[in-house]
1. Being surrounded by 15 or more Cβ atoms within 10 Å (Cβ to Cβ) and either hydroxyl-bearing (S, T, Y) or more than 23 Å from L35 (Cβ to Cβ) (or both) is the filter here, so list the residues in region 253-268 that pass it.
2. Of all residues being over 14 Å from G72 (Cβ atoms) and within 16 Å of the chain's Cα centre (by Cα) in region 98-134, which is farthest from ligand 1 (Cβ to nearest atom)? Just the residue, please.
3. Just a yes or no: is a residue in region 241-260 within 16 Å of ligand 2 (Cβ to nearest atom) and of a type in the set (D, E)?
4. Take region 135-181 and flag every residue that is within 10 Å of ligand 2 (Cβ to nearest atom) and within 13 Å of the chain's Cα centre (by Cα).
5. Hey, does region 247-260 have a residue that's farther than 22 Å from M105 by Cα, modelled with pLDDT of 95 or more and in contact with a Leu (Cβ under 6 Å, 6 or more places away or on another chain)?
6. Can R247 be described as away from ligand 1 (no atom under 16 Å from the Cβ), touching a residue at least 60 places away in the same chain (Cβ under 8 Å), surrounded by fewer than 22 Cβ atoms within 10 Å (Cβ to Cβ) and more than 20 Å from the chain's Cα centre (by Cα)?
7. Restricting to region 156-166, count the residues that are part of a helix (DSSP H, G or I) and within 14 Å of ligand 1 (Cβ to nearest atom).
8. List the pairs whose first member sits in region 132-143 and is of a type in the set (A, V, I, L, M, F, W, C), whose second member is within 16 Å of ligand 2 (Cβ to nearest atom) and part of a helix (DSSP H, G or I), and whose Cβ atoms are under 6 Å apart, counting only residues at least 6 apart or on separate chains?
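The values are calculated or read from the model by the stated rules, or taken from the named source; none is laboratory data. Worth saying up front: this structure is predicted, and the values here are computed from it rather than measured. Virtual Cβ from ideal backbone geometry, glycine too; neighbours counted across all protein chains shown.
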Amino acid sequence: MPRFAANLSMLYNEVDFLQRFAAAASDGFTAVEYLFPYEHAPEVLAAELSVHKLQQVLFNAPPGDWAAGERGIACLPGRQAEFRDGIARALDYAAALHCPRVHVMAGLIPLDQSAQEVRQTYIANLRFAGEAAARQGVNILIEPINGRDMPGFFLSRQDQAHVLVAEIGLDNVQVQMDLYHAQIVEGDLSMKLRQYLPTGRVGHLQIAGVPQRHEPDLGEVNFSHLFNVIDELGFDGWIGCEYRPARGTAPHATRDGLGWLQPWVTGNAT
Ligand SMILES: O=C(O)C(=O)[C@@H](O)CO
Ligand SMILES: [Mg+2]
C-alpha cells in the first residue's frame, strides 16, 4: 500500500506553519515533508514531530535567494562555497529531525555561462552533497521541475535526471519523481514508473492533480491507477502530497479535500 506524506508547505495553509503538524496528524498522516525548515529552530520542529508522532521524510537544502527568484544554486558556477555551507546547514537539520532525505534544487540556468561549465558545476556540487550526506546516512534527491512553473530550471526531464545520477555515481544521490511535473513535461506516467522505479534510483515520489496542482482526484491524471502501479512495483518509499487544496485557505480546506486518500488508508482501494 502506498505511504503518503503531507507536504506542509502546500497543505494546511488555512493554519500557521507550526499548527500544520497537528492538523496533518489529526487527519491520519504519519509523515510530513515541506520545502524549508530554516525559519524555525530545529528543536522547535523536532518537538512538533515528536508530540504528533510524525516522521519527517523530506525537506529542501537552502535554495539561494528565493525572494529574488533563485530556485537552487547547485548549477551556478561561482556559488560553490555558498552551496557547501547550505548543505552543511541542511545536514544539521536532517540530523536534528531524523530526516533521511534532502532535496537539492538545481537552480535556473545562468545564461552568461557555458552549458558545459554549468553541467560540471552541478555534478561536482551534487557529488560534494552526496558524499557529505552519506557520512550521516542521508540521501540527496534531485527533482525535474516543469518549465511552465519554473521557466529556465536546469532539470526538467526524468531521463536527464537519471543520466546525471548515473554520472554523479553515488548510491545515495537519487531522483525525486514528482508526477505532477512529469505529466506536464513528458506524460506516459505508468510506463515511466515501470521504467524507473525498478532501477532503485527513485528515492521519493510526489503527486498533485494536473494542470492546476490541486487534489490528485482533480484533473487529467488517473492517480488511482498510478497508485496501483506503484504498489505493484513494490515501491517502499513515501509519496509526498504536494498540492494546493482546491478550497484554498477556507476552514478545513485540506481535510475537506482528502476524500481521495481514504481508500488508500482504509485498505479499500480498487
Ligand atoms: O516544486 C516542487 O515540486 C518541489 O518539490 C519543491 O521542492 C521545489 O519547489
Ligand atoms: Mg515536487
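1. T254, W264, V265
2. Selected residue: P100.
3. yes
4. The answer is L141, E143, P144, I145, Q176, M177, D178, L179, Y180, H181.
5. Scanning region 247-260, I find at least one residue that is farther than 22 Å from M105 by Cα, modelled with pLDDT of 95 or more and in contact with a Leu (Cβ under 6 Å, 6 or more places away or on another chain), so the answer is yes.
6. No.
7. As a first pass, look at region 156-166 and keep what is part of a helix (DSSP H, G or I): 158-166.
From what is left, the residues that are within 14 Å of ligand 1 (Cβ to nearest atom) are 158, 161.
The qualifying residues number 2.
8. I142/A161
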